[in-house]
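Novice: Below is the structure I would like to discuss, written out as structure tokens.
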């Protein structure tokens, strides 16, 4: 979709201004309804029995004692999710079915093996203890590199490595090999004056949303029903739950609640199909609410990784070769985001030659779920570490080095396509010009820079806009609001219709009320639902003009929409005073009925967003403790519809990245059981750990959106891992190769590398 | 599960002594409620101490400062005499959890929770604090280090509970300090904790010292060799290094999700040095 006009020349009345978000008051006063807040008459409470073993054959499950307990109304196991044809023909749906309820084997500590619905939570908890599962404990593997070995315990007998011509025909944990690149990297390294290679590792980080998964299913005797849940995509939930339970999709209506964070982790299902099965079996509404331990053990963190990167450059800074081998474990099922890692790894640069190989590996860990720019942060950590080291080695300013090699508008991206208008150079120049870049550092302090890229996504989107009798507007979108998007939708509809921001009310519609929408992911909502909102508003404006034309008795094309009023298009159209949206709304019944606009699209043209982060860190050399002193984010938003929420996205992504860099990781014991399934020992940063995160929005309009909008939600988590590592490396004179840089790890690194790196 | 909130110590003792099932004391509840909700404990009786007025006060007695079992950390830190006299104990108590948690958490509860990583306990041990226990047999006073017998286990008999803690009066030139290591700034459990109490004479020479380590053994450790390393010195570098070495040597930690053996042993020494410097400088101001 082309730009209507040069966005730089356009003056916006609503868009780009700061407004209170429509969900704000309810959220801060506790009135907002989240996943666990719904109740229903006759409600039953569901609980899930989970495997205590990392890998075990389920020889039998005896539910008789639990069923005999007074107050237990239904129990489901894998047997309640039979082989419906639509499940078997879809590999990912088959994996989801296995993940939500173990069959044959439990594949990780926390894997669901049975579920109970009872008249109260205490009875449900008691019933879990009465279910007898006979396990045969099997050898397990949780490490990505160990899982790739020939003698590793095998999770799935059917997996053969895809993407390899000479793959042996025997079971393996390596689900896929991918490769991309161009040119001859060996020739590229031969041309280089400096070549650096290192092996990196990153831990598995969880999205850490504050709201645990929660849902309430209510299936009627006629087989139709309702599901209420916190999710990033009600249509996805509907389609998956209906198919897993052998229902027609039309029989299930899903209503999304307010959502207490998702970050990608709520783009799939865990408890929802189980609640539907329990409700159908019990004939009553069933609510399931996870506790935090369940969230950690059984929902999707992101992949842990082992990444080798080798890069070479000339003395003038030109990167002549870039090579990477990425190994990601995505838990018990294929689908780690390694291909995204390989594609994004060098996306900020234009190396002369490139080769990236990725391995998707299964291990006895929970099935990974999307996490904010899935696969990119760990790859960027490895690449940005080497980029910084190359710059120091040739004595070039690290921002200048990046500028020398930066991807630019119209350049061919490292992963294939040609970039449209992009803003990486602008972010680098803004960092260089920022006062933070010139602040003098003290002892044990270091400064790090890193850039990051994310593709962004468009996807299937449907929006409906209805005019109310008083001229206000009801807007229905199908993409759950995880970052303030309702405020942005209100702003864009108001902008188009020429009415005040607060005259538009946006709701996230249930699956029965609106056409299909892809989940809220890929930083797509402000772009795609925004684009559809703008077009829906324009369609409504067209109807409004037709109604005015009808009233005035002139042709419809002789009326235009300006500043919230229908006006004659020109002097030839006749002399009529402007007719307001309020007047037209009032007369809708007489002029043709309800006034509405809608728009359905598979949105293309989601422009990528680039960011550059600048960090100052201080290291306590005696304890290995790291303090983040200053943090600056510069990111391209295309056009910031709601600047405050763009800044919020930038800051939030940085905070999550800092946590991943410093302390967050899944810790397993020698039995493959997670040791830290709670916020006490899974250490996300707390507010007092961080300085104010400074933000600067750059606006290089995205040609794919009428206002130039590009998604901003994900890019912000891509640079922090590398930026923090670079700052720490500069402070201590040793390069962190493993994340998180927890104090024991950093203290050990400082001891082992007493010799400061020559270049740093 | 029954919940009772008696208004006298005697009534509390009777309730505890007469309970046939599992009885738990609720003071601040910052440990108890978490364990209850996560299913670690299934009490038959919970006895809340917060309605007993006598346990809600901080009183200066002839032999020291008595802190009731229902006094939260925040209140202790708003008590001028407490902060002036026992800064190490107060700063340890105000490290527990978060600001919200400190509005509830008590040092008596921290003691009786019997975690080896409890923040206020090494500071209390260094300060030679005395726990007053009420029970069916009446009242008895015991040094705080005798309360915990292992992780989660105490020496309290059936019907007994700690009703208050006495911070004994200090000789001139005495003060204390507590430091702990956590990877974050708050909301965390000590990887290592060090409480040190010292007395100095007019020349600045250390004449008495007591060093207690947390989170490096099954119980709080009193490191006599570390105290001896300080006594007779002015806290010079050699003395501090000897103190650190003694602490590292005494520590018998485990490898776990919070830290490795090597890391904890080293940090025990590092923190001891830092805490000793603070305690010595505070002590000199108390001459």
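Novice: Using a Förster radius of 60 Å, what is the FRET efficiency between residue A:59 and residue A:26 based on their Cβ-Cβ separation? Nearest 0.05, please.
Specialist: FRET efficiency, residue A:59 to residue A:26: 0.75.
Novice: Semi-axes of region A:34-101's equivalent ellipsoid from the Cα gyration tensor, sqrt of 5 times each eigenvalue, largest first, rounded to whole Å?
Specialist: 25, 20, 13
Novice: Given N residues in region A:211-265, what is Rg(Cα) / (2.2 N^0.38 Å)?
Specialist: Against the compact-globule rule of thumb, the ratio is 1.13.
Novice: So how far apart, in nm, are the two label points at residue A:104 and residue A:249 if each is 7 Å from Cα heading toward Cβ?
Specialist: It is 2.9 nm.
Novice: Could I ask something else about it? Mind checking the angle between helix B:261-285 and chain B's longest principal axis? C-alpha axes, 0 to 90 degrees, to the nearest 10.
Specialist: Approximately 80 degrees, to the nearest 10.
Novice: Hey, what's the Cα Rg ratio for region B:174-285 versus the globular rule of thumb, 2.2 N^0.38 Å?
Specialist: That ratio works out to 1.02.
Novice: Another question about this same structure. How crowded by other chains is B:178-187, given as the mean number of beta carbons from other chains within 10 Å of each beta carbon?
Specialist: Neighbouring Cβ atoms belonging to other protein chains average 5 per residue here.
Novice: Let me ask something else about it. What is the pair-distance distribution P(r) of region A:600-645, computed from all Cα-Cα distances in 5 Å bins starting at 0, with each bin given as a whole percent?
Specialist: The percentages, shortest bin first, are 5, 14, 15, 15, 14, 11, 9, 7, 6, 3, 2, 1.
Novice: When a/c reaches 1.5 or more, the comparison of a/b and b/c decides; with that in mind, is region A:671-720 rounded, prolate or oblate per its Cα gyration tensor?
Specialist: Oblate shape, in that a/c is at least 1.5 and b/c is the bigger or equal ratio.
Novice: Starting from the exponent 0.38 and prefactor 2.2 Å, build the expected Rg for region B:1-109 from its residue count and divide its actual Cα Rg by it.
Specialist: Taking the Cα Rg and dividing by 2.2 N^0.38 Å, one obtains 1.14.
Novice: For residue B:10 and residue B:238, what does the FRET efficiency come to when R0 = 51 Å and r is the distance between their Cβ atoms, rounded to the nearest 0.05?
Specialist: 0.40
Novice: Quick one: work out the % antiparallel among DSSP beta bridges in chain A, nearest 5.
Specialist: In chain A, approximately 75 percent of DSSP beta bridges are antiparallel ones.
Novice: When the Cα atoms of region B:1-63 are enclosed in a convex hull and the volume is divided per residue, what value in Å³ results?
Specialist: Value for region B:1-63: 102 Å³ per residue.
Novice: Sticking with this one: Which three numbers, in whole Å and largest first, are the semi-axes of the equivalent ellipsoid of region A:282-337 derived from its Cα gyration tensor as √(5λ)?
Specialist: After scaling each eigenvalue by five and taking roots: 46, 11, 10 Å.
Novice: Below 8 Å, C-alpha to C-alpha, sequence gap of six or more: please give me the relative contact order for chain B in percent.
Specialist: The value is 16 percent.
Novice: On each of the three principal axes of the Cα atoms of region B:110-181, give max minus min coordinate, whole Å, ordered largest first.
Specialist: 40, 29, 14
Novice: Say each of residue A:222 and residue A:466 gets a label point 7 Å from the Cα, pointing the same way as Cα to Cβ; how far apart are those two points in nm?
Specialist: 2.2 nm
Novice: Moving on to the next point. Given R₀ = 30 Å, FRET efficiency for residue A:190-residue A:150 by Cβ-Cβ distance, to 0.05?
Specialist: 0.35
Novice: Relative contact order for chain A: what percent, with Cα pairs under 8 Å and sequence separation of 6 or more?
Specialist: That works out to 16 percent.
Novice: On each of the three principal axes of the Cα atoms of region A:119-228, give max minus min coordinate, whole Å, ordered largest first.
Specialist: If we take the Cα atoms of region A:119-228, the spans are 72, 35, 30 Å.
Novice: Below 8 Å, C-alpha to C-alpha, sequence gap of six or more: please give me the relative contact order for region B:174-285 in percent.
Specialist: Relative contact order comes out at 31 percent.
Novice: Average projected area of the Cα convex hull of the protein assembly as shown, in nm²?
Specialist: The number I arrive at for the protein assembly as shown is 47.5 nm².
Novice: To continue, here is another question. Once the Cα atoms of chain B are picked out, what are the Rg and Dmax in Å?
Specialist: 18.6, 60
Novice: For region A:95-146, take the convex hull of the Cα atoms, compute a quarter of its surface area, and give me that in nm², please.
Specialist: Convex hull of Cα atoms, orientation-averaged projection: 5.0 nm².
Novice: Now, a different point. Using the Kirkwood radius over C-alpha pairs as Rh, can you work out the diffusion coefficient of region A:1-143 via Stokes-Einstein at 4 °C, viscosity 1.567 mPa s, in µm² per second?
Specialist: Taking Rh from Cα pairs, D becomes 67 µm²/s.
Novice: Additional query: Take residue A:411, project a point 7 Å from its Cα along the Cβ direction, then tell me which residues of region A:435-454 have their backbone nitrogen under 14 Å from it.
Specialist: Backbone N within reach: A:451-453.
Novice: Using the Cα atoms as the points, what is the convex hull volume per residue of region B:55-155 in Å³?
Specialist: 98 Å³
Just so you know, all these numbers are worked out from the coordinates, no wet-lab data involved. These figures come from a predicted structure and were not determined experimentally. Every residue, glycine as well, gets a Cβ built from its backbone with ideal geometry; the counts of neighbours run over all protein chains shown.
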